[in-house]
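Working notes, structure below.
The values are calculated or read from the model by the stated rules, or taken from the named source; none is laboratory data. Since the model is a prediction, treat every value here as computed from it, not as a measurement. Cβ: placed from backbone, ideal geometry, glycine included. Neighbour counts: every protein chain shown. Note: accessible area is taken over every heavy atom of the protein model, side chains too, but ligands, DNA and RNA are not part of it. Shrake-Rupley method; radii C 1.70, N 1.55, O 1.52, S 1.80 Å.
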Amino acid sequence: MDVLTTIPERPGPEIAAPEPRDITARPIGSDRVFHTGAGLSGVLVLAIMVAVGLFLAIEAAQALSSTGLSFFTTSDWQPDRGEFGIASVLLGTVLIAAVAVAIALPMSIGTALFITEVAPVWLRSTLVALVDLMAAVPSVVYGLWGLFLLQGHVVGVSRWLNTWFGWLPFFEVAGADPTSPLSSASVYTASAFIAGVVVAMMVMPIQCVVMREVFSQVPAGEREGAFALGSTRWGMIRVVSLPFGRGGMIGGTMLGLGRALGETIAVLLIISPRFDINFHILEAGGNSVSSLIALRYSEASGFGLSALMAAGLALFAVTLVVNFTASWFVARSRSGASSEA
Amino acid sequence: MTILDNPRSEAPLSSGSPAQQAPLTTLPPRPGPMSAPPVRRPLGKLSRRELLPLAGAAISALATTMLLFGRLTPLDGKFGFVVVAFLVFLATYTVLVSLTEGRPAVVDRLMTALLAAAAVTAIGALFSVIVFVFIKGWKALTKPNFYVNDLSVTGPQEPLTSGGILHAIVGTLIMTMIALVITVPLGVACSVFLNESKGRAAMLVRTVVTAMTALPSILAGLFIFATWILILGQERSGLAAAIAMSIMMLPIIIRSADVVLRLVPGNLREAAAALGAPQWRTVWHVVLPTARSGLTTSVILGVARGVGETAPVLLTAGYTATMNLNPLKDPMVSLPLAAYELVRSPQETLIARGFGTAAVLMVLVLVLFTLARIVGGRPAGRLSKGQARRATAKSAADLARFEARQMEVGR
């Protein structure tokens with residue numbers, strides 16, 4: 001028999017194993033220009049951002065070094081007499097933000113769940129657009145609304161809370177006499193509570209956007225699994241959506257908190273400034289760091305400005321921690337790997 | 001399946017030979033064509049059984065609350081009325097549903113009602129804000145002079161027929177333009193950098209930018225006030241305000257543009273690379289055009305945020321009642337700042353002007369927002385009708401060009 005196929009000579013084992021080619025691309029001339037340009041823009045942005053932070057820190061250091069730790073315990077603000085601290089303003093900021101988040105949180109969770117789970121499909125995109133619009137409404141508009149419309153209604157709520165829950169320490173109001181029908185409503189106006197309600201309107205959409213994003217990523221298989229096991233809609237939400245979206249809910253809440261802490265104009269419009277430690281959120285008067293800056297920057301001397309920067313830096317530190325914790329929660333959660341918050 | 005099940009195809013077979021008459025399988029009697037096809041239960045709509053308790057509870061809650069407020073108790077207040085009515089509604093609804101349903105269903109209905117109430121409250125608040133601002137500003141808004149004059153010669157006592165806010169409109173436009181010129185190239189370039197170079201530097205920049213989104217907007221103003229105005233000795237001007245706005249807008253734009261660019265499909269990039277395009281051509285001709293609508297949206301939303309910010313402008317622009325077209329010199333006022341300053345005065349007319357200004361600002365934000373919705377909302381790479389038409393025309397032109405070339409070569 002003839003050999004039908006010829007086997008070619010195979011290379012012996014002594015030939016070296018093929019080496020992987022070096023595949024690192026050397027950028028050509030135009031790409032080098034591109035890289036330099038893009039890198040420059042990155043460096044420029046970095047420089048601007050770091051400059052802002054560093055400048056605030058350096059300027060603030062002057063004021064901080066003169067007062068030391070008493071900066072955090074003093075509640076008065078008289079930098080020219082060397083007596084100033086953020087105890088009261090920071091407390092006011094936190095109280096306003098706490099009221100805002102306490103009001104906004106149930107609303108944003110409810111709205112987010114309503115949009116993703118309950119609303120008919122034709123309504124969904126409209127609702128999403130409206131919530132986004134709510135986030136875009138300028139804060140001065142919310143401030144006007146709060147000052148001229150909401151205040152009148154919230155005063156009634158304040159009075160009611162004070163009447164029935166006045167025994168709770170933070171619902172106490174000095175000078176208010178709930179038993180007297182003739183008592184003036186002015187003890188309830190311009191309070192941290194009202195400012196908090198207005199800020200809640202700004203915080204709600206921010207929280208809602210993140211939560212909606214997370215709830216819409218709930219795997220369809222798990223949802224349908226719950227339904228197939230005979231769960232009602234709320235049962236499904238309770239055992240599937242809420243646990244799945246927990247990280248996003250915490251993250252969204254904190255993002256809103258960060259925004260609430262930094263809000264200036266709405267608070268400035270509503271609250272009447274005072275500089276003492278005051279836990280009574282229903283009582284007239286309060287303060288926040290950002291409204292303190294807006295009030296005092298123009299009359300401040302060099303040292304006064306440095307003191308204001310120290311206050312601003314403290315606020316920035318707080319919002320920074322809050323925001324990073326928020327993004328950490330979102331990124332760590334099962335649902336947050338691809339969401340943008 | 002269908003052939004086996006068809007009784008008509010079986011009939012001639014069985015009658016053919018008697019040996020096959022003992023049937024091996026018995027087919028169950030099938031429903032004839034007369035029986036109606038199964039009716040689909042509508043899942044999307046509320047059924048009668050769901051609707052009736054809802055309506056009943058609503059009517060009963062309204063009636064009970066009116067009785068409570070009007071006759072039985074000395075309660076008053078619109079807010080209280082709504083809250084009491086809602087609570088009565090929830091109680092009645094629970095009782096009504098529990099007449100026919102089990103506990104899980106009752107809880108489900110109750111929670112659904114609560115979720116809907118949350119959404120209605122939120123949307124209601126939004127509409128209340130918009131409507132209230134327009135109603136309070138209506139008197140100013142309906143005077144044509146409101147849009148063509150400034151307030152330089154208008155005293156605080158003068159009626160609404162004199163003076164307007166043109167200076168604030170122009171100021172906002174100028175400041176926004178300057179801020180756009182600064183932020184758009186820098187922001188887009190930076191987000192390209194974040195996406196195209198995957199290194200430690202990009203990570204650092206991304207972290208710092210993320211951190212700066214937490215910067216309270218008033219600190220951006222304070223920074224410019226301390227450096228530009230106090231240290232460099234410049235005066236308060238539109239430019240200073242625009243720079244403060246840019247510092248505030250830049251992180252917002254970079255972050256959302258970064259997300260948009262990350263959504264560009266990797267295979268498009270790889271296709272460009274496989275065709276031999278250098279990286280800058282890939283970015284310029286593939287990545288950026290693909291993400292154009294998303295990038296535009298992120299810029300517009302950043303602008304909408306920046307336009308509405310009062311705090312940085314308050315510290316850097318100063319307040320003026322006169323028109324100022326020069327951003328380098330003299331105070332310049334923006335819409336939110338004008339609204340803020342105007343409503344702080346005790347004069348009724350000035351407050352109306354302030355609300356009118358806020359309404360104009362609202363309209364501006366609404367327009368920007370609608371624009372963002374129209375431009376964006378399309379995922380990366382999906383073309384709009386016009387874009388698709390243009391792309392088709394271009395590729396038809398290319399085809400004609402190739403064919404003409406072919407003919408030339410053939411000859």
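Here are some notes:
- The residues on offer are B:191, B:197, and the sole one that is in contact with a helix residue (DSSP H, G or I) (Cβ under 8 Å, 6 or more places away or on another chain), open to solvent by less than 20 Å² (accessible area, probe 1.4 Å) and polar (S, T, N, Q) is B:191.
- Within the stretch B:149-177, the set of residues being modelled with pLDDT of 85 or more and touching a helix residue (DSSP H, G or I) at 6+ places or on another chain (Cβ under 7 Å) comprises B:165, B:166, B:168, B:169, B:171, B:172, B:174, B:175, B:176.
- Here the condition is being surrounded by fewer than 24 Cβ atoms within 10 Å (Cβ to Cβ) and closer than 27 Å to residue B:206 by Cα; of B:293, B:237, B:217, B:246, it holds for B:293 alone.
- Which listed residue, of B:335, B:366, is among the hydrophobic types (A, V, I, L, M, F, W, C) and open to solvent by 20 Å² or more (accessible area, probe 1.4 Å): B:366
- Positions within the stretch B:185-206 being among the hydrophobic types (A, V, I, L, M, F, W, C) and either farther than 13 Å from residue B:261 by Cα or more than 8 Å from chain A (Cβ to nearest Cβ) (or both), in sequence order: B:186, B:188, B:201, B:202, B:203, B:204, B:205
- Flag if residue B:283 is open to solvent by less than 20 Å² (accessible area, probe 1.4 Å), assigned to a helix (DSSP H, G or I), within 13 Å of another protein chain (Cβ to nearest Cβ) and not hydroxyl-bearing (Ser, Thr, Tyr): yes
- Taken together, A:298, A:339, A:290, A:335 contain a single residue that is of a type in the set (S, T, N, Q) and modelled with pLDDT of 85 or more, which is A:290.
- The set of residues from the stretch B:360-386 being modelled with pLDDT under 75 and either farther than 28 Å from residue B:283 by Cα or of a type outside the set (S, T, N, Q) (or both) comprises B:376, B:377, B:378, B:379, B:380, B:381, B:382, B:383.
- Whenever a residue of the stretch A:285-311 is touching a residue at least 40 places away in the same chain (Cβ under 8 Å) and basic (Lys, Arg), its partners that are in a helix (DSSP H, G or I) and surrounded by fewer than 24 Cβ atoms within 10 Å (Cβ to Cβ), lying with C-beta atoms within less than 8 angstrom and at least six residues away or across chains, give the pairs A:296/A:304.
- Of the helices (runs of 4 or more DSSP H) entirely within the stretch A:33-149, those holding at least 1 residues that are without any contact (Cβ under 8 Å) to a residue 24 or more places away in the chain and open to solvent by less than 10 Å² (accessible area, probe 1.4 Å) occupy A:87-113, A:139-145.
- Taking the criterion of being part of a loop (DSSP other than H, G, I, E, B) and either of a type in the set (S, T, N, Q) or touching a Leu at 6+ places or on another chain (Cβ under 7 Å) (or both), the residues of the stretch B:121-152 that qualify are B:142, B:143, B:149, B:150, B:152.
- Residues (over 25 Å from the mean Cα position of the chain (by Cα) and either in a loop (DSSP other than H, G, I, E, B) or of a type in the set (Gly, Ala, Ser) (or both)) located in the stretch B:158-180: B:158, B:159, B:160, B:161, B:162, B:163, B:164, B:165, B:168, B:171
- The set of residues from the stretch B:343-363 being within 22 Å of residue A:135 (Cβ to Cβ) and either open to solvent by 20 Å² or more (accessible area, probe 1.4 Å) or more than 11 Å from chain A (Cβ to nearest Cβ) (or both) comprises B:360, B:363.
- Candidate set: the stretch B:105-132, residues that are more than 20 Å from residue A:132 (Cβ to Cβ) and of a type outside the set (A, V, I, L, M, F, W, C); chosen: the one farthest from the other protein chains (Cβ to nearest Cβ): B:109
- Listed conditions (1) part of a loop (DSSP other than H, G, I, E, B); (2) touching a Ser or Thr at 6+ places or on another chain (Cβ under 6 Å); (3) surrounded by fewer than 22 Cβ atoms within 10 Å (Cβ to Cβ) are all met by residue B:155, apart from (2).
- The listed residue being in contact with a Leu (Cβ under 6 Å, 6 or more places away or on another chain), open to solvent by 20 Å² or more (accessible area, probe 1.4 Å) and closer than 30 Å to residue B:336 by Cα, out of A:281, A:206: A:206
- Residue within the stretch B:208-228 that is within 23 Å of residue A:265 (Cα to Cα) and more than 10 Å from chain A (Cβ to nearest Cβ) present: yes
- Hits in the stretch B:229-268 (condition: of a type in the set (A, V, I, L, M), within 20 Å of the chain's Cα centre (by Cα) and more than 8 Å from chain A (Cβ to nearest Cβ)): B:248, B:249, B:252, B:253, B:257, B:260, B:261, B:263
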